[in-house]
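To start, the structure itself, in structure tokens.
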Amino acid sequence: MSKTRSSSPRKPVWPLFVPKLVTTFREGYGLTALRHDIFAGLTVAIVALPLAMALAIASGTTPDKGLITAIIAGFLISALGGSRFQIGGPTGAFVVVVFNIITQYGYDGLIIATLMAGFMLLIAGFARLGTWIKYIPEPVVTGFTSGIAVIIFTSQIKDMFGLSMAELPAEFIAKITALWQARDTVDIVNLTVALLALGVIVFLRRKAPKWPSFLIAVGGASLAVALMNLPIDTIGSRFGGISASLALPDLPVITLARLTELMPSAFTIAFLAGVESLLSAMVADGMTGRRHRSNCELVAQGVANIASGLFGGLPATGAIARTATNIRAGARSPVAGMLHAVFLLAFMLVLAPLANYVPLAALAAVLMVVAWNMSEIDRFKRLLSGPLGDRVVLILTFGLTVMVDLTVAIQTGVVLAAVLFMHRMSESVTITQSGTHNGNGLISQDQPDQMATPAAPVSQRNHESDIARYRDSLPDNVEIYRLNGPLFFGVANRLTDVIDSIAGYPRDFILCMDDVPMIDATGASRIEHFIATCQKHGTRLFLSGLRDRPRRVLEDMDILTHPQLLCVPDIDAALAEIAKTA
């Protein structure tokens, strides 16, 4: 049998990787758009300034690392990315991962893992896996995001209350135990500053949402500390201030053993960066009506993370809240995101000495709000009302994120969700037969096989009626079976079970496949097993209504070349061929 292939030319792939900045300039970019982008970039920079420092501190490193990440990675994500409005930088999703990597492997280990993640993202982008990442189930994403929120929240209790502790354990239970044991060391001044900062943020978000609540709260707390000489921890007292310059690119010592032990951490960073950036881009699309280029976005994320690692920064990705702020501030193009990084650099160079007065209590209040926003309580509650399988995936991913490890949580959640999906797909596949053959062990007339869902869908019942109309007119020793649904590895064994249950094979067997949209290698092997079984019993097999996609799979695996097999367009054509040889 000859193989057929479409002769239509393939579309070039290079447009998938053209940055939106290039598209913007091609469409025309004028002074009006520049004015809007300058205002939006300044607005986002004001929001990102305290947030970048707070996220870096929560990650177990110094505040300047967060600013470096927002500057270097933020500029490149906007300049090279596939979204017009994406704002990149450090995010809450990385806090747990970064903290654990630094604890286990040191800061050099984090740099290596970030570089590896950058190359993984480049490979994923050029392999055009951008659309695949969007298929991560919502219970998995919500589960680990809510789990990260809980970890961030609990990690800020120490600075919020000013507790005296030598070290805050990384494990959740140990952390809660240590915090409880230190409850008698609460610093009233520190707690007051934190609560006032938190109150300012909440008040401004409700009454004046366009105001930079984070910066106002942190700035006000810093002014109070400076003027009143309050005895609480600040960036200056704990970290010695922040650097007023960018470090030159530098590489730690890289060995094969080091790469091997950091591979799981690098994969987690790459996964989070990919998922978070594309979710952010999708949010931006929903707000603006634009469409992003997912694979171009992954490439930009890869370049940005490599550059951030070289300059001693943290992992970076698209930040949903900052991207939304950018859009609301009137951004017209990626230039706004690039200017946001330029403004942050200017702030870092000019205002670095003032950072000495920033109280950690105020930054803890900022992170408490970030954790609350990340928790997605409403979405979590809604998913708890969903199907049982989705609830299990959600709770398991959430629990493993909090109690064990984010990498384990993501892997377990994705695998469990995939198994759940395959189970649901297999339950939707039915095998119906005409019931006219008189052999023993066949399925009852016009009924799906015993492993199908009890209540057949309307489309399935229509197919049963379609087969039933042939029942009285079928010649002896002719059987018709219809497959309904995708024939993949999760359901292929059911076809084998039905085939093996047939006793006394008919002379001619019609297998109707016009409602089979796809076949994988396992399903094709089961078809081949069926053909061999028919050949063994001297039964001629007709494949009726085979679609193009399943046909290509069977052709490529040389399954359609068997002499006992005939492909026909429909059941009537098969019956006509049978009548010729009767």
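Computed from the coordinates by the stated procedures, all read-outs in this text should not be read as laboratory data. On a predicted model such as this, the values are computed, not experimentally measured, just so you know. Note that we place each Cβ from the backbone using ideal geometry, even for glycine, and neighbour counts take in every protein chain shown.
Stretch Tyr470-Ser245 to full length: gain in nm at 0.36 nm per residue minus the Cα-Cα span?
Numbers: separation 225, 0.36 × 225 = 81.00 nm, distance 8.22 nm.
Separation in residues times 0.36 nm, less the Cα-Cα distance, equals 72.8 nm.
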Inset, instruction - Using θ = phi - 60° and the Karplus relation 6.51 cos²θ - 1.76 cosθ + 1.60, list the HN-Hα couplings for the stretch 110-127 in order, rounded to whole Hz, with x at every Gly or Pro. - result: 5, 4, 5, 4, 5, 4, 4, 4, x, 5, 4, 5, 4, 4, 4, x, 5, 7
Inset, instruction - Place the peptides 553-562, 367-376, 145-154 in order of packing, highest mean first, counting for every residue the other Cβ atoms within 10 Å and averaging per peptide. - result: 145-154, 367-376, 553-562
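With 10 angstrom as the radius, rank Trp132, Trp14 by how many other C-beta atoms surround their C-beta, starting from the fewest. Please report the intermediate quantities before stating the final value.
Working: Trp132 12, Trp14 7.
Result, fewest neighbours first: Trp14, Trp132.
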Legend entry - Distance between modelled label sites at Asp556 and Leu34, nm, 7 Å Cα→Cβ extension: 5.1
Legend entry - Dipole-positive endmost among Val402, Ala362, Leu565 within the chain (Cβ charges, Cα centre): Ala362
Legend entry - Spin-label model distance (nm) - Ile173 vs Asp572, 7 Å beyond Cα toward Cβ: 7.0
Inset, instruction - In whole Hz, with x marking every Gly and Pro, tabulate ³J(HN,Hα) for the stretch 278-290 from phi via Karplus 6.51 cos²θ - 1.76 cosθ + 1.60, θ = phi - 60°. - result: 6, 5, 4, 5, 5, 4, 4, 4, x, 7, 10, x, 8
Legend entry - Efficiency of FRET from Cβ geometry, Ser164 and Ser385, R₀ 41 Å, rounded to 0.05: 0.40
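Which order results if Tyr481, Tyr107 are arranged by neighbouring Cβ count within 10 Å, fewest first? Each step should come with its number before you reach the end.
Values: Tyr481 23, Tyr107 17.
Ranking Tyr481, Tyr107 by Cβ neighbours within 10 Å, fewest first, gives Tyr107, Tyr481.
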Legend entry - DSSP-loop trypsin sites (Lys or Arg not before Pro) across the stretch 336-412, with at most 12 other Cβ within 10 angstrom: none
Legend entry - Above-threshold pairs, the threshold being 31 Å between Cα atoms, out of Lys175/Lys210; Lys20/Lys158; Lys158/Lys381; Lys210/Lys381; Lys65/Lys381: Lys175/Lys210; Lys20/Lys158; Lys65/Lys381
Legend entry - Residues listed by number, the stretch 102-135, amide nitrogen under 16 Å from Met425 label point at 7 Å toward C-beta: 132-135
Legend entry - Extension gain from Val392 to Val13, taking 0.36 nm per residue of separation minus the Cα-Cα distance: 132.5 nm
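How high is the FRET efficiency between Tyr135 and Met228 when r is their beta carbon distance and R₀ equals 51 Å, given to the nearest 0.05?
Using R0 = 51 Å, I get an efficiency of 0.40.
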Inset, instruction - Describe numerically, in nm with one decimal, the distance between label points set 7 Å from Cα along Cα→Cβ at Thr288 and at Leu256. - result: 4.6
Inset, instruction - Report the residues of the stretch 216-246 in range of a label on Val186: point 7 Å along Cα→C-beta, backbone N strictly under 14 Å from it. - result: none
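So, R0 is 41 Å and r is the distance between the beta-carbons of Leu351 and Asn493; what FRET efficiency does that work out to, to 0.05? Each step should come with its number before you reach the end.
Working: r = 66 Å, r/R0 = 1.61.
Computed FRET efficiency for Leu351 and Asn493 comes out at 0.05.
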Inset, instruction - Place a label point 7 angstrom from the Cα of Thr23 along the Cα-to-Cβ direction, then list the residues of the stretch 278-308 whose backbone nitrogen is under 16 Å away. - result: 278-301
Inset, instruction - Counting only C-alpha contacts under 8 Å and six or more residues apart, can you give the relative contact order of the chain as a whole percent? - result: 21
Legend entry - Interchain or long-range residues, amide H under 5 Å from Thr234's placed H: Leu360
Inset, instruction - Scan around Cys567 for amide H atoms under 5 Å from its own, H built in the peptide plane at 1.01 Å from N, and keep only partners 5 or more places away or cross-chain. - result: Leu543
Inset, instruction - Could you sort 74-80, 190-196 so that the peptide with the highest average Cβ count within 10 Å comes first and the rest follow in order? - result: 74-80, 190-196
